[in-house]
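Novice: Starting off with a structure, shown below.
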Amino acid sequence: MIESMTGFGGASRQIHLGGKAYATVAVECRSVNSRFLDLNIRSPEECRSAEMPIREMVTKQLSRGKVEFRINVHREAEQGLAATELLNKSALDGLKSIEASILKEMPNAGNMRMGEILKWPGVINEARADDALWRSATLEAANDALMALKESRQGEGRALFSVLMERVVGIRGIVATIEPLIPEIIVAHQAKLTERLTEILTGVDAQGQAVSKNDISDRIRQEVVLYGVRIDVAEELSRLKTHLDAVESALKKGGPVGKRLDFLMQELNREANTLGSKSVSQESSNASIEIKLLIEQMREQVQNLE
């Protein structure tokens with residue numbers, strides 16, 4: 001199954017901090033298009049030890065995309081504890097001593113606000129879990145979020161698969177339409193070529209000057225070579241079908257096929273351009289234009305694939 005590089009996933013785990021205190025580790029991950037795998041992880045101090053394992057986890061699952069992990073921790077207040085039990089009296093006394101010393105030296109400094117006091121390290125008695133518990137919960141949530149991200153990317157991939165296969169069928173239809181016309185196109189061009197050669201074989205050029213037999217032979221050879229180069233598109237049509245087979249095979253095989261399909265789009269476009277440059281009829285010119293339009297639509301979608 002093919003995957004898009006665009007997706008989102010999220011998961012969470014609850015940690016028991018002791019007593020009636022709990023914390024929730026929430027992980028969100030999202031990805032967008034990128035030529036290579038570009039991973040960024042934002043996490044709080046409690047979850048920092050899980051960052052390296054998360055990187056290893058992601059590199060095993062994804063090969064392309066700009067991927068961002070956001071890890072947040074929400075602490076649930078302990079129920080039934082008095083306010084005085086939540087305060088670290090020793091840390092609070094030390095903070096008061098520091099504030100008093102500062103005000104003595106700098107009377108205009110002003111007293112600390114409630115929010116500043118509560119944020120001061122150590123003032124609040126927070127229940128804590130050991131690093132192993134934080135790490136385990138973070139990795140579990142990150143793994144579930146990553147699986148959700150992959151499922152999201154695969155859903156996008158299924159939609160892209162349908163779009164790309166529709167374009168493949170469209171190009172095959174154009175090739176199937178133009179192939180039977182090639183003999184008629186050749187016959188029509190032969191008629192025009194015969195007319196030009198007949199004029200040359202009269203032995204008189206456009207200015208009414210006599211033309212030698214050697215010059216006539218040279219002109220005939222030039223016209224025949226030009227004829228062969230210009231209207232022989234069988235090889236281009238054959239290569240178009242071969243590249244379409246490769247595209248279809250890659251789509252059905254699945255996996256990280258974005259780079260391979262991008263290369264195949266270049267090959268398809270090269271054959272379509274050659275088909276247009278060799279065109280000697282309106283039908284083949286129109287076919288070349290329609291094929292190039294479908295290839296461009298495919299190329300735009302391929303940029304979204306892993």
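Novice: Hey, does region 281-298 have a residue that's within 19 Å of Met1 (Cα to Cα), assigned to a helix (DSSP H, G or I) and assigned by TED's automatic domain parsing to the domain that holds Ser162?
Specialist: yes
Novice: Can you tell me how many residues in region 169-188 are surrounded by 14 or more Cβ atoms within 10 Å (Cβ to Cβ), over 29 Å from the mean Cα position of the chain (by Cα) and either under 22 Å from Glu248 (Cβ atoms) or at pLDDT 90 or above (or both)?
Specialist: The total comes to 3.
Novice: Right, next: Out of all the residues in region 233-244, is one or more surrounded by 12 or more Cβ atoms within 10 Å (Cβ to Cβ), at pLDDT below 90 and touching a Lys or Arg at 6+ places or on another chain (Cβ under 6 Å)?
Specialist: yes
Novice: Take Leu275 and tell me if it is in the same structural domain as Ser162 (by TED's automatic domain parsing), surrounded by 17 or more Cβ atoms within 10 Å (Cβ to Cβ) and modelled with pLDDT under 90.
Specialist: yes
Novice: Additional query: Count, please, the residues in region 25-75 that happen to be of a type outside the set (S, T, N, Q), in a loop (DSSP other than H, G, I, E, B) and surrounded by 13 or more Cβ atoms within 10 Å (Cβ to Cβ).
Specialist: 3
The values are calculated or read from the model by the stated rules, or taken from the named source; none is laboratory data. Remember, predicted model here, so these are calculated numbers, not experimental data. FYI the Cβ positions are ideal-geometry reconstructions off the backbone, even for glycines, and counts take in every protein chain you see.
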